[in-house]
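Report on the structure given below.
The values are calculated or read from the model by the stated rules, or taken from the named source; none is laboratory data. Here the structure is a predicted model, which means the values were calculated and not measured. So basically every Cβ, Gly included, is an ideal-geometry build from the backbone, and we count neighbours across all protein chains shown. Surface areas here come from the heavy atoms of the whole protein model, side chains and all, with no ligands, DNA or RNA. Shrake-Rupley method; radii C 1.70, N 1.55, O 1.52, S 1.80 Å.
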Amino acid sequence: MAGSGPLSVRGLPIVLAVAFSAFGGWALMLPVVPLALSLNGSSDAVAGASTAVFMAATVASQLGTPRVLCLWGYRAVLALGCALLGPPALLLLLSVDPVPALVVSAVRGIGFGLLTVSVSALIAELAPPALLGRASALNGISAAAAQMVGLPVGLALVQQFSTGSAFVVGAVVPIVSVAAVWLLPDVRPAGTPPGERRERLPGTVLLAPCLAMVVVAAAFGGFSSLAPIAAQDKTPAASIALVLLSAAMVVGRYVSGALSDRIGPGRMLLPSLLVASAGAVLLAVAVRGEVSTVFLSLGAVALGLGFGICQNDSLVTVFSAAGPRRFGAASAAWNIAYDGGTGIGALSLGVAATLGGFPIAFLIAAVVVLAATPITLKR
């Protein structure tokens, strides 16, 4: 594995710290920007579009990240990602009208795309194959723990102070890890040896794990963006649900990481989708009429657990099939599925909520997740 020697001891904690900071900044702003747009008079569809634009820019960035990593190395790309994800949030202090807010979301999405692909690929560079599941789980746990803190903190800042205070904190958090990034050795991914044709990842390898990620991430994106709006009269309930969602993701990734190294990757995709679909049904029940804190919490736990299991199992499946020379491409494919699904869910479920209400939106999410289960049986 390229650059793995000294990194195997001192590099992993730094990468996990960067992941925590990056996902913390992302999570803190994830429900805040749609809520700020809604409070400023925008529709639910426009509020959801802020997440969709962010994720579209993320996906576009992720497509080119493997090549940029080969040219610049992990250290420079991670630092650039932090700089693009954080400081542009300060521009939202000037305006939360739809156009400027969507432009800022796009810029921040580019930074997030650079970070997500780089972190996942570097973890795969560091970990021995026999420990890839657990190493990926550590990365996921770090990211999910950051979300567990960031999601409710963003809403709490809006409640106690203003949306502006959340924008400032969201700008600062990703920058904190830039100093840690420069402690990493300046390594680059393993490239294709001269004279050899660059191998592409076959679509059959990517179909099941990436489709599973897309549909569950869509449910997550819709819920994360819309829950604070759906439960505006019970904002603490939305904050609690988002904490439980992230905590359940931590548990899901931990369990999946431990099991995938023992029973092999890809075995937990089906149960993860079934659990996530059940969670979306509970969320639909929760927002029918007066918001039910109990059902909202139960639905968030089930969705988070299914999402966490799916995240780790699908990631290890893709990395195992790709091999060291294609870690960057594998990371890009998986992160595109994750972030593209999150954006699609935020936009489409935001439109569904505008047209038919929040219960319909979450029921649609449940049906879509359930409809993807047959593909997991064809492995």
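Remarks
- Exactly one residue out of L94, L138, L114 is without any contact (Cβ under 8 Å) to a residue 60 or more places away in the chain and buried (at least 20 other Cβ atoms within 10 Å of the Cβ), and it is L114.
- R108 vs. criteria in a helix (DSSP H, G or I), of a type in the set (K, R) and surrounded by 19 or more Cβ atoms within 10 Å (Cβ to Cβ): yes
- Residue count, segment 42-66 (criterion: under 13 Å from A101 (Cα atoms) and outside any helix (DSSP H, G or I)): 1
- Lone qualifier among S277, S314 - being of a type in the set (S, T, N, Q) and closer than 21 Å to M55 by Cα: S314
- Residues that are in contact with a Ser or Thr (Cβ under 9 Å, 6 or more places away or on another chain), part of a loop (DSSP other than H, G, I, E, B) and open to solvent by less than 60 Å² (accessible area, probe 1.4 Å), drawn from segment 264-298: G264, P265, G266, M268
- For A329: the one exception among (1) assigned to a helix (DSSP H, G or I); (2) at pLDDT 80 or above: (2)
- If you check L69, L35, L80 for being modelled with pLDDT of 80 or more, surrounded by fewer than 23 Cβ atoms within 10 Å (Cβ to Cβ) and part of a helix (DSSP H, G or I), only one passes: L80.
- Flag for R75 being surrounded by 23 or more Cβ atoms within 10 Å (Cβ to Cβ) and either out of contact with any Leu (no Cβ under 8 Å at 6 or more places or on another chain) or assigned to a helix (DSSP H, G or I) (or both): no
- From R198, R134, R188, R108, residue being at pLDDT 85 or above and of a type in the set (K, R): R108
- The set of residues from segment 235-278 being modelled with pLDDT of 75 or more, among the small types (G, A, S) and farther than 20 Å from L155 by Cβ comprises G252, S256, S272, A276, S277, A278.
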